[in-house]
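S.K.: Below is one structure. I have some questions about it.
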Amino acid sequence: MNLWRIIQIFSTIVIVTLSIFWIMDDFQVFTKDKTEKITIVKDEIFGTDIEKREWIENFQLGLLPDDPVHPYRSLAFPSLICIALILFAQNRIHSQENTRP
């Protein structure tokens, strides 16, 4: 097995692993670094319910980045890099096979 096949296999494993993480994070479209937690608190004075919102640090992998400055924090960017590596490796494998006598 040559180096180009190893690169193809490694890139495929990276894509599958990141896709599994994306599925585990509930198919988020955008990457999120915080999660909103809503708590309903009963107001003792007026007897009404008040929603208390707080943000908890929780990274969730998304298909697209949340910030254009950090495109690597998404599924799409590393997947595109890995697909480019797979195609380049396939091209190199094909050219090596055609140059053999």
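S.K.: Would you please give the FRET efficiency between T35 and F77, computed as 1/(1 + (r/R0)^6) with r the Cβ-Cβ distance and R0 = 22 Å, to the nearest 0.05? Write out the running numbers ahead of the final one.
M.R.: Working: r = 22 Å, r/R0 = 1.01.
Efficiency computed from Cβ-Cβ geometry: 0.50.
S.K.: For a test of the definition: using alpha carbon positions, the gyration tensor, and the 1.5 limit on a/c, classify the chain as rounded, prolate or oblate.
M.R.: In terms of gyration-tensor shape, prolate.
S.K.: Within the stretch 14-49, list the residues whose amide N lies under 15 Å from a label point set 7 Å along Cα→Cβ of H70.
M.R.: Answer for this model: 30-35.
S.K.: Okay, next question. Arrange R92, R73 by Cβ neighbour counts within 10 Å, fewest through most, would you?
M.R.: Details: R92 15, R73 18.
Fewest-to-most ranking of R92, R73: R92, R73.
S.K.: To make sure I understand, if each residue's beta carbon is the centre and we count other beta carbons within 10 Å, what order do W55, W4 fall in, fewest to most?
M.R.: Going from least to most buried by this count: W55, W4.
S.K.: Let me ask something else about it. Got a sec? Which residues in the stretch 19-46 would a label at K52 touch, if it sits 7 Å along Cα→Cβ and we count backbone N under 17 Å?
M.R.: Those under the cut-off are 36-46.
S.K.: Taking 0.36 nm per residue of sequence separation and subtracting the Cα-Cα distance, how much length would be gained by fully extending the chain between A84 and D43, in nm to one decimal?
M.R.: So the extension gain works out to 9.0 nm.
The numbers here are math on the coordinates, done by the rules we state, and not lab data. Keep in mind that what you see is a predicted model, and the values were worked out from it rather than measured. No Cβ is skipped: glycine too gets one built from the backbone with ideal geometry, and neighbour counts run over all protein chains shown.
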